Each structure stands twice: as structure tokens, then as C-alpha cells.
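Structure record follows, encoded as C-alpha cells.
The values are calculated or read from the model by the stated rules, or taken from the named source; none is laboratory data. Computed from a predicted model, the values in this text were never measured in an experiment. A quick note on method: Cβ atoms are made from the backbone with ideal geometry, for glycine too, and the neighbour counts reach across all protein chains shown. SASA here: full protein model, heavy atoms, side chains in, ligands and nucleic acids out. Shrake-Rupley method; radii C 1.70, N 1.55, O 1.52, S 1.80 Å.
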Amino acid sequence: MPSLNLVPATVADYRREAEARLPRFLFDYLDGGAGEEMSLASNMADFRAIQLDQRVMRDVSEIDISIELFGEKLTMPVVLAPVGLGGMMARRAELQAKRAADAAGIPMCLSTVGICSIDEVRQVSDRPFWFQLYMLKDRGVVQEILDRAWAAGVRTLAFTVDLAVLGARYRDVRNGMAGGASAWGKFRAGLGDYLLHPRWLYDVGIKGGPHTFGNLQSYVPAAKNPEQFKVWVDSQFDASTNWKDIAWLRTIWKGNLVLKGVLNADDAKEAVANGADGMVVSNHGGRQLDGVASGIAVLPEIADALGGSSTLLVDGGVRSGQDVAKALALGAKAVMIGRPWVYAVASRGEAGLSALLASFKHDLKTGLGLTGTTSAAAVGRDIIRKR
């Protein structure tokens with residue numbers, strides 16, 4: 001018998017609701033990946049292929065899922081990942097995410113190309129948040145952004161290293177976001193689609209402005225919407241970025257430096273050698289090079305190569321607290337979730353995200369308890385079933 005679907009229970013439920021409520025081009029931007037989306041599919045499939053080893057008759061009456069990450073106590077090993085254009089998916093979504101993350105006792109990482117600015121997010125509370133950085137050709141702009149982040153209390157910087165060349169995102173092409181649409185096509189993808197989503201049009205389109213990249217507004221003062229910002233941002237991506245730039249970042253950034261987008265053990269060793277405090281094992285949510293391995297598939301190799309010399313996180317395909325347990329078992333200290341938190345906010349706002357995070361906590365405790373484990377900080381590979 002089909003469910004009534006009155007209350008979302010899983011990330012897939014929030015995704016279904018978000019798809020119904022968002023204009024098509026925005027949902028596809030959020031949901032899609034590069035090329036034929038093989039890596040996007042692998043991200044979740046590889047988590048599903050990992051089996052937990054159920055153990056019984058253990059005292060699991062007290063289960064502690066808290067951890068310490070970069071000197072901060074987290075109630076569970078989860079960080080809200082940076083997502084560009086977040087504030088187009090729900091009204092001032094980055095602010096809603098910060099409030100929900102604060103209430104849940106976990107960090108939120110703000111994207112360079114988020115709709116809300118560093119200063120706006122700072123006003124939510126005194127709890128520190130993370131900031132994600134792209135290396136821009138204008139290093140003076142990079143320095144200014146980092147100075148603003150530091151002044152706002154940011155102490156952990158996630159530097160994205162896998163965007164030297166932009167991936168081919170075919171959903172964006174089909175929706176006309178990459179250009180080439182006829183006048184009728186532009187109407188269908190724009191005003192025509194907005195009118196089919198009146199709730200989004202009123203709540204986000206009309207009341208959710210300004211729809212600018214808040215962190216970059218002063219550098220592109222004439223830009224009034226993300227499409228106009230994109231021209232400047234695309235011109236600023238620096239394909240020449242290399243390990244020397246990481247060393248330079250280390251000289252100007254006094255806080256924790258985490259490299260996001262590492263998928264190779266040799267690169268991971270270079271990251272440590274150049275001063276990174278940690279890294280996110282990630283294929284950019286399957287949005288960059290289609291056909292590469294998932295983060296969870298590569299994680300054990302990198303963890304073994306580093307031997308505990310760096311703090312590892314993983315993202316891509318994490319859809320439940322039990323996925324978090326699998327990531328911890330294979331060498332991660334914590335996970336990042338991107339699409340799930342945006343699906344939840346787009347679907348049901350801050351309350352939806354709070355409910356989703358509560359379900360992650362419950363599922364993680366279930367996963368640990370039924371593998372005979374009482375501490376997230378002590379999870380090892382023994383909870384994974386050997387084949």
C-alpha cells in the first residue's frame with residue numbers, strides 16, 4: 001500500500017518535495033552532475049554497497065555521537081557543506097541553514113558564491129561558521145575576502161581545489177543556463193516556469209532578495225542577479241592554481257585550512273606537506289569530472305596513505321546517519337552534506353532541515369548501537385562487514 005507521504009522521513013522525500021516546489025532550472029542545478037552523471041550515481045551507490053556488521057548482546061545503553069573537530073565540539077560528525085546559489089532555493093537559505101546548524105550543534109560552511117554574505121550570516125549568532133573559498137585570479141580580492149571572514153569569526157577555511165576547469169553540466173545546457181535558448185525557451189525557463197511555481201515566486205523570487213552573490217557584491221557592483229555575477233566569477237577562476245598557492249594561503253590564513261576536492265593519495269600527501277590541516281575527500285558531488293571514483297571509494301586508500309597525519313572528511317552521496325557511520329569506519333572524522341540540507345530547506349524551510357538533522361542523529365545512533373559501538377570517536381573498520 002502506498003504511503004500518504006504526509007511527513008518526509010528521508011533525504012529522498014525532501015528531494016521529491018523540493019523538485020515539486022522549485023523552478024526546473026534551479027532544481028536541476030542543485031540536483032544534477034557532470035556529463036552522463038555516472039559519478040553522481042556512484043556516490044550514493046558506493047555507500048549502499050557497504051554493509052554494516054551487526055553485532056548483538058553488547059551494552060549500548062549509552063551512545064555518544066559527539067566529536068571534536070578542529071577544536072570545536074560537535075554533537076555529531078556532520079558539517080553542512082557549501083552550496084552555491086543556496087539562497088535561490090529558499091528565502092535567504094544560508095541564514096536558515098545557519099540557524100538550523102546552530103540548533104543542532106554542528107558547523108555550517110558558507111560558499112563564496114552563496115546568496116547571503118559573510119556579514120549577513122554572522123548576524124545569526126556568535127557560533128563560528130566555516131567559509132569556502134575559490135582561488136581567484138585577483139589575489140587582492142582573495143585577501144580581502146579572507147580578512148572579512150576572519151573578522152566575522154571564521155576559523156576554518158575550506159579551499160576548493162577541484163575547479164581548475166569547470167565540469168560539463170548537461171542539465172544546465174538543456175535548461176538554457178549555458179545559453180543558446182530561443183526567446184520562447186528563455187520564457188519557458190524563466191517567467192513561464194516561475195508562474196508554475198507561485199509559492200517559490202512569492203517567497204523567494206519576490207521576498208527573498210537581493211539575489212546577488214553577497215560576498216562578491218562590491219567587486220561587481222552593477223550585477224543584479226546570479227547570471228550577471230557568473231560572467232565575472234567565470235573570468236576569475238584561475239586554472240594555474242598549484243601547490244605554491246596553497247603554501248601562499250597558509251602564510252595569510254591563520255586558522256584551519258581544509259582542502260576540499262582531494263581524490264588521490266599522492267595529492268593528499270602533497271596537501272599535508274604544504275600545510276593543510278585537513279581535507280575533504282570529494283568529487284565535488286559528481287559535478288566536475290564524470291567517471292571518477294566516489295569519495296567514499298577512495299577514502300580508505302587516502303586514510304591508509306596518511307596514517308592519521310591529517311583530519312579527513314568525506315562528502316558526496318551521504319544520505320543518512322548510517323552513511324555517516326560507514327564514513328567514520330573507513331577513515332573520516334566527519335562528513336559534509338550538501339544537497340540534503342538544500343533539499344530540506346527548499347522543501348520545508350529551517351524546520352525541515354532541523355527535522356532532517358534530527359533524523360541523521362537518530363540513524364547514526366541506530367547504526368552504532370546495532371554494530372555494538374558506543375562512541376562515534378572510536379568507530380573503526382570492524383563495523384564494516386568483510387566480503
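Brief remarks follow.
- For q = 0.09 Å⁻¹, Debye-computed log10 I/I(0) when each Cα of segment 184-329 counts as one equal scatterer: -0.46
- Taking a straight line from the alpha carbon of Lys98, these aspartates and glutamates sit under 14 Å away, with near neighbours fewer than eight places off in the same chain left out: Asp119, Glu120, Asp126, Glu350.
- Whole-percent carbon and sulfur share, accessible surface of segment 279-350, 1.4 Å: 47 percent
- Label zone (Ala103, point 7 Å along Cα-to-C-beta; backbone nitrogen cut-off 11 Å) within segment 355-378: 355-358.
- Only protein atoms count toward the accessible area here, which uses a 1.4 Å probe; on segment 107-180, the carbon and sulfur part of that area reaches 49 percent.
- Charged neighbours of Val233, selected by a Cβ distance under 12 Å, balance to -2 (K, R count +1; D, E count -1).
- With the convex hull of its Cα atoms as the shape, the chain has an orientation-averaged projected area of 19.8 nm².
- Cross-link pairs beyond the 26 Å C-alpha cut-off, checked among Lys244/Lys326; Lys224/Lys254; Lys73/Lys365; Lys73/Lys260; Lys137/Lys224: Lys244/Lys326; Lys224/Lys254
- Segment 263-387: relative contact order as a whole-number percent, Cα under 8 Å and 6+ apart: 22 percent
- Accessible surface of segment 1-71, 1.4 Å probe: 52 percent of it comes from carbon and sulfur atoms.
- Extension reserve of the Val141-Ser218 stretch, reckoned as 0.36 nm per residue once the Cα distance is removed: 26.7 nm
- Total charge dipole magnitude, segment 245-339, about the Cα centre, Cβ charges on Lys, Arg, Asp, Glu only, Debye to nearest 20: 360 debye
- For the chain: accessible area per residue (Å², 1.4 Å): 43 Å²
- Simple Cβ-charge dipole of the chain, Lys/Arg +1 and Asp/Glu -1, about Cα centre, in debye nearest 20: 660 debye
- Taken along its principal axes, the alpha carbon cloud of segment 301-387 reaches lengths of 40, 27, 23 Å, longest axis first.
- Segment 23-95 versus segment 262-305: alpha-carbon centroid distance in Å: 17 Å
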